[in-house]
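The block underneath contains the structure these notes are about, expressed in structure tokens.
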Amino acid sequence: MSDRHTGDAAALLRRHRAVLPEWLALYYDEPLEITHGEGRHVWDAEGNRYLDFFGGILTTMTAHALPEVTKAVSEQAGRILHTSSLYLSRPMVELAERVAALSGIPDARVFFTTSGTEANDTALLLATAYRRSNQILALRNSYHGRSFSAIGITGNRSWSPTTLSPLQTLYVHGGVRTRGPYAALDDAEFTEACTADLVDMLGQTGGDVAALIAEPVQGVGGFTSPPDGLLAAFREVLLEHGILWISDEVQTGWGRTGEHFWGWQAHDQAGPPDMLTFAKGIGNGMSIGGVVARAEVMDCLPANSISTFGGSPITMAAGNANLNYLLEHDLQGNARRVGGLLLERLRAASAGLGVVREVRGRGLMAGVELADPHTGDPSPKAASLVLEAARERGLLIGKGGGHATSSVLRIAPPLSLTVAEAEEGAEILEQSLRSADNELGGESAQ
């Protein structure tokens, strides 16, 4: 890799800090300007090439500069860029038909937004209007977006800047399998304990609860997930009370977990959710989000509404082309096969390293939880060390985690990742983990 320490990057960083908020996070001690990409690789302003294992936060789902998507965007841009939802839109209807059919929700209706945050906002609006209640159940360690209402149901202190909220949120156990009071239980006992906790909480609430919102795999929380079937057990309890189930599929949708097209399908014993929200990957970088809901829920609003930018012709063209490519090339199957290989390699690479507490994940959605080798406490320092070391070796990854720390490496490459690229990335991660372990005085330093 060539030298990255140039005046141009430093000047751009100064300009960034002069006009943008302090709380707008940037990765790396010397932040990176990405100028272009192709396939699973991106380049910075200095011409350095990186293998991309984060995809702009799980958003570049198929590949950078995918010809089918760029062609669809270019052709649509040559016709018309924008009309708004006040007019009929063929690309929007076509994508809505396909998403409704793929969702598994009967008599489904689709509303398009511009982000996952906005999608979750809409789902909360629908649920509270339908149930005439502002009480929401959410999982501990959850994250559902950065808007005022989404922050109000976020069970992750690192991403909750205010306690004010239009909602009354009740947090239940279940999102984190290996920490907390039920961690020592086996999967069946864990599910039983979390369900009993839910029943107990509902027995103490005043009024009707509107909905449970849950990520099947918690994204910002560090790619944690409950045992398969836990949300189905929750669903049985919810149905007794008429409470809706919202599955937040912003990060888990479109086959990324490999095993299923949607994350909720790992818990499908009780059938599909009442609503699911999506975003990120479907647009492959274009701003698309949305909600799928049963017609009676979607149509419950007693007032008019529109979306100025949701469902725009150009983003819908991109979404249709991207979905075509995903399905025609069986990228869900690729996520299962190559993701399984990557997870196996990461577990082997982490063996004997005191800095690694756990390697977990599904498909091309892997989390490596890091800890202080001496105390076992979550270690944001270790995560930062690995993040920087991987970049120096030509690999981009993410980080996240709960407990007010970012101590988990988040690994989520485009779903077209090849076996050779998975091996290359795993080798870089092994070197970077060993480097961090050495620096922190772990076993590899002995």
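The values are calculated or read from the model by the stated rules, or taken from the named source; none is laboratory data. Being a predicted model, the structure only gives us computed values, none of them experimental. Here the Cβ is made from the backbone with ideal geometry for all residues, glycine too, and neighbour counts use every protein chain on show.
Could we say that residue 367 is at pLDDT below 95 and within 22 Å of residue 142 (Cα to Cα) here? Taking the combined requirement at face value, the residue does not satisfy it.
Taking (1) farther than 17 Å from residue 351 by Cα; (2) in a loop (DSSP other than H, G, I, E, B) in turn, residue 373 satisfies each apart from (1). Screening 162, 113, 128, 122 for residues that are assigned by TED's automatic domain parsing to the domain that holds residue 207, surrounded by fewer than 21 Cβ atoms within 10 Å (Cβ to Cβ) and in contact with a strand residue (DSSP E or B) (Cβ under 6 Å, 6 or more places away or on another chain) leaves exactly one candidate, 128.
Please tell me if residue 327 is out of contact with any His (no Cβ under 6 Å at 6 or more places or on another chain) and crowded, with 18+ Cβ neighbours inside 10 Å. Taking the combined requirement at face value, the residue does not satisfy it.
Identify all residues within the stretch 267-283 that are modelled with pLDDT of 95 or more and among the aliphatic types (A, V, I, L, M); write none if there are none. Across the stretch 267-283, the qualifying residues are 275, 276, 279, 282.
Looking only at the stretch 169-203, residues that are under 11 Å from residue 226 (Cβ atoms), of a type in the set (D, E, K, R) and surrounded by 15 or more Cβ atoms within 10 Å (Cβ to Cβ) come to 1 in all. Residues considered: 255, 311. Of these, the only one that is under 30 Å from residue 128 (Cα atoms), within 18 Å of the chain's Cα centre (by Cα) and outside any helix (DSSP H, G or I) is 255. Of all residues in the stretch 324-366, those being part of a strand (DSSP E or B), over 30 Å from residue 67 (Cα atoms) and not acidic (Asp, Glu) number 4. Taken over the stretch 284-308, the criterion of being part of a loop (DSSP other than H, G, I, E, B) and either at pLDDT below 95 or surrounded by fewer than 24 Cβ atoms within 10 Å (Cβ to Cβ) (or both) is satisfied by 285, 287, 299, 300, 301, 302, 303, 304, 305, 306, 307, 308. Residue 47 passes every criterion in (1) outside the structural domain of residue 307 (by TED's automatic domain parsing); (2) assigned to a helix (DSSP H, G or I) apart from (2).
Taking helices (runs of 4 or more DSSP H) as the structural unit, those lying wholly within the stretch 64-134 and holding at least 2 residues that are of a type outside the set (Phe, Trp, Tyr), over 30 Å from residue 151 (Cβ atoms) and modelled with pLDDT of 95 or more correspond to 67-79, 90-103. Counting just the residues of the stretch 399-431 that are assigned to a loop (DSSP other than H, G, I, E, B) and of a type in the set (Val, Ile, Thr), which one comes out surrounded by the most Cβ atoms within 10 Å (Cβ to Cβ)? Only one residue tops the list, namely 405.
Looking at this structure, is residue 139 under 17 Å from residue 234 (Cα atoms), aliphatic (A, V, I, L, M) and surrounded by 18 or more Cβ atoms within 10 Å (Cβ to Cβ)? Criteria met by residue 139.
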